[in-house]
1. Go through the residues of the stretch B:213-228 one by one and say whether even a single one is β-branched (Val, Ile, Thr), assigned by TED's automatic domain parsing to the domain that holds B:Glu138, crowded, with 22+ Cβ neighbours inside 10 Å and under 23 Å from B:Arg129 (Cβ atoms).
2. With respect to A:Thr98, determine if the residue is modelled with pLDDT under 55 and not assigned by TED's automatic domain parsing to the domain that holds A:Arg30.
3. Are any of the residues in the stretch B:26-33 outside any loop (DSSP other than H, G, I, E, B), touching a helix residue (DSSP H, G or I) at 6+ places or on another chain (Cβ under 8 Å) and surrounded by fewer than 12 Cβ atoms within 10 Å (Cβ to Cβ)?
4. If you scan the stretch B:165-214, which residues turn out to be over 24 Å from A:Tyr140 (Cβ atoms) and within 14 Å of chain A (Cβ to nearest Cβ)?
5. Which of the residues that make up the stretch A:35-53 are within 17 Å of B:Ile67 (Cα to Cα), hydrophobic (A, V, I, L, M, F, W, C) and more than 8 Å from every other protein chain (Cβ to nearest Cβ)?
6. What about B:Leu63, is it surrounded by 17 or more Cβ atoms within 10 Å (Cβ to Cβ) and within 25 Å of B:Gly168 (Cα to Cα)?
7. Given A:Glu128, A:Glu103, A:Glu142, A:Glu117, which one is at pLDDT 55 or above, surrounded by fewer than 18 Cβ atoms within 10 Å (Cβ to Cβ), under 29 Å from A:Thr64 (Cβ atoms) and of a type in the set (Asp, Glu)?
8. Could you give every pair whose Cβ atoms fall below 7 Å, whose first residue belongs to the stretch A:7-18 and is closer than 18 Å to B:Val220 by Cβ, and whose second residue is of a type in the set (Gly, Ala, Ser) and at pLDDT 90 or above, counting only separations of at least 6 or pairs across chains?
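The values are calculated or read from the model by the stated rules, or taken from the named source; none is laboratory data. For clarity, every value in this text was computed on a predicted model and none was experimentally measured. Cβ placement follows ideal geometry from the backbone for every residue including glycine, while neighbour counts extend to all protein chains displayed.
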Amino acid sequence: MPDDEFRVRFERVVMPHLDAAYNLARWLTRDAHDAEDVVQEAMLRAYRYFRALRGASARPWLLTIVRRSFYEWLTANRPAEIDRNFDQDLLGSQADRTTVGPEQVALRRAENATLAEAIAALPVGFREVLILRELEELSYKEIAHIVDIPIGTVMSRLARARGLLQKSPLLESVRGSAAGGER
Amino acid sequence: MNCHEATALTAAYHDGELGPAQSLALEQHLVGCADCAARRAELDALHSRLRKETPYHAAPGALRERIIAMLPVVAPSGAGSGGQRWRWLSAGAFAGAAATVFAWVLGTALLESRDVDALAAEAVSDHVRATLGKRQIEVASSDQHTVKPWLSSQLDFSPPVKDQAADGFTLLGARLDYLDRHPVATLVYRYRQHGVDVFVRPATRASRPTPPTTVRGFNVSHAIGTGMEWWAVSDASPDVLAAFVERLAHDDAR
């Protein structure tokens, strides 16, 4: 295939998902400038390996690359943020209210925080499944593939992410009214 | 179903990940159980607040331009020397001929793309009109063996009707529309929260594969196969739609 044709095909198949790539990177890095770095690296990598896509769905494929680029960027730039232990919370030995980390404490205090800030305060492992599900509307199977975890883990992380948001003061009014309406 | 089971399944139900039998069992439980219904309402409330209050960050234009500008300097992995063969085009002796051919190809392409754009726009108009007018479905059935005979009785062609439930597309029924001054069969599917219309007409010699496009925010995907031309219109994501219309058009073993 001539290089021009290759590039045109890439622009037609992959470039339409640039917004999704940037949105994910923006929520993961929590910074506009860092998100651009991650996306740029991811797009060039996607271009290099575009042949490997072979008719599969382009958006989950691209988001997998964005996520990998993000973790490499995180390791290089903010290694302290890599939280390897958050799945321990999921194992259920501790009740939800006792596993509140400093981020959640800050979140509970921030009465005036916006919902976006509440999401930004989630540990990255919960944040990514929440964004992929709620904003990108990907299926459990697609998320499992992107994050490289079993579907059961997707479900438990998602439940945990939603639980944390619902417990934040921001959402208590919604909880109250939703529950009240049914009773 | 008891509350314990319902609690475990509510999120999957909310996310559209439960099968029909389990969904039904859960729905029946929710009707009679205020606590479980409240838990479900909380998930809905969270979802709608997330959609409403959190920004979807679109890529800055400058980033897009920078990436496109960088592509030519990246060597795709596994790239052959395919590009080399075309170098002769730049040789002087052929330049004139090439320019003529180029102009002709460009002219034809523009003509075609205008036709295709008009068709895509018409398909989107049909889709929107049906959605607004509540005239989405004239024969409501998730059974392909009911939908197909109805269409055959209305049209002078008989489009294949396929159940795509395994891939998350539920067949809701069908109706008739006009496209390009001819009646077409419209298959109506639902994919998660999205309505999907598929317009089907017999393929002709003029039918050409057409890249996916977006018209007024709706994604349009096109495919040719099984003697038919297929146009899918939806607000579902373009790659999902493209894969779907390809599956419909091509008679695989499913």
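1. yes
2. Spelling it out, A:Thr98 is indeed modelled with pLDDT under 55 and not assigned by TED's automatic domain parsing to the domain that holds A:Arg30.
3. There is at least one residue in the stretch B:26-33 that is outside any loop (DSSP other than H, G, I, E, B), touching a helix residue (DSSP H, G or I) at 6+ places or on another chain (Cβ under 8 Å) and surrounded by fewer than 12 Cβ atoms within 10 Å (Cβ to Cβ).
4. Hits for the stretch B:165-214 are B:Pro209, B:Thr210, B:Pro211, B:Pro212, B:Thr213, B:Thr214.
5. A:Val38, A:Ala42, A:Ala46
6. Numbers: surrounded by 17 or more Cβ atoms within 10 Å (Cβ to Cβ): yes; within 25 Å of B:Gly168 (Cα to Cα): no.
So B:Leu63 does not fit the description; no.
7. Details: A:Glu128 fails: surrounded by fewer than 18 Cβ atoms within 10 Å (Cβ to Cβ); A:Glu103 fails: at pLDDT 55 or above; A:Glu142 fails: surrounded by fewer than 18 Cβ atoms within 10 Å (Cβ to Cβ).
Just a single option satisfies the conditions, and that option is A:Glu117.
8. Final answer for the pair search is A:Val13/A:Ala58; A:His17/A:Ala58.
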